[in-house]
Amino acid sequence: MKYVIVLILMMITAAAQATEDKYNFATAEREQTFRELTHELRCPKCQNQNIADSDAVVAKDLRDKVIALVNEGQSKQEVIDYMIDRYGYFVHYQPPVTPATIVLWVLPVAIIILGFGFIVFRQKRAAKKQDWNAADEQKLAELINQYQRQEREQ
């Protein structure tokens, strides 16, 4: 029974060590740069998860590449530029302002404004059609009287 318990504990310990990422850095500054980068870079597979928190294989590969680039002495911006060149702007949580991103931000607001403008225009147009005045009232009374006379004659 002792051997079974020891075997189980060894398996649990091995599994715990297997899940922990061990990275070696030359300086604490490089480790800090790595931590910042892994929180700024998005996992291409896990829609809204950074590579530090993602368990996807591609996130592990990205973390390994970030470590390699940081240990080579590349700056934070150089690593970000490398990842953007390889994976596109999607990989970075702070994409640059381009005509495409401007359209993505402005278009929904413009559609909402145009929608409200259309509603206001339609309301004003409908209000003009619904203006009821004395002439209309008199015309209606004449039509009702004419209809009632025709009903009596029949």
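What follows is calculated from the coordinates using simple rules that are stated; it is not laboratory data. The structure displayed is predicted, hence computed values, not measured ones. Counting neighbours? That spans all protein chains shown, and the Cβs are built from the backbone with ideal geometry, glycine included.
Can you give me the Cα centroid spacing of region 92-154 and region 28-60 in angstrom? Region 92-154 and region 28-60 have Cα centres separated by 52 Å. With a Förster radius of 30 Å applied to the C-beta separation of V103 and Q123, the computed FRET efficiency comes to 0.50. With r defined as the distance between the Cβ atoms of I5 and D55 and R0 fixed at 22 Å, what FRET efficiency is calculated, to the nearest 0.05? Here the calculated transfer efficiency is 0.15. Between I12 and D64, the modelled label-to-label distance comes to 3.0 nm, taking each label 7 Å out from Cα in the direction of the beta carbon.
In this structure, the amide hydrogen of N50, modeled 1.01 Å from its nitrogen in the peptide plane, lies closer than 5 angstrom to those of C43, counting only residues at least 5 positions away or on a different chain. A full extension of the chain between K139 and I111 corresponds to an added length of 5.8 nm, given 0.36 nm per residue minus the alpha carbon distance. Shown for the chain: lysine pairs separated by 8 or more places, or found on different chains, whose C-alpha atoms are under 20 Å apart, numbering 8. Calculated mean residue ellipticity at 222 nm for the chain: -24000 deg cm²/dmol, from DSSP H runs with n ≥ 4 weighted as -39500 (n - 2.57), summed, divided by the residue count and rounded to 500. Between R86, R63, R122, the GNM of the chain built on Cα springs shorter than 10 angstrom shows R122 fluctuating the most. A Gaussian network model of the chain, with springs between Cα atoms under 10 Å, assigns the largest mean-square fluctuation among F34, F116, F90 to F116.
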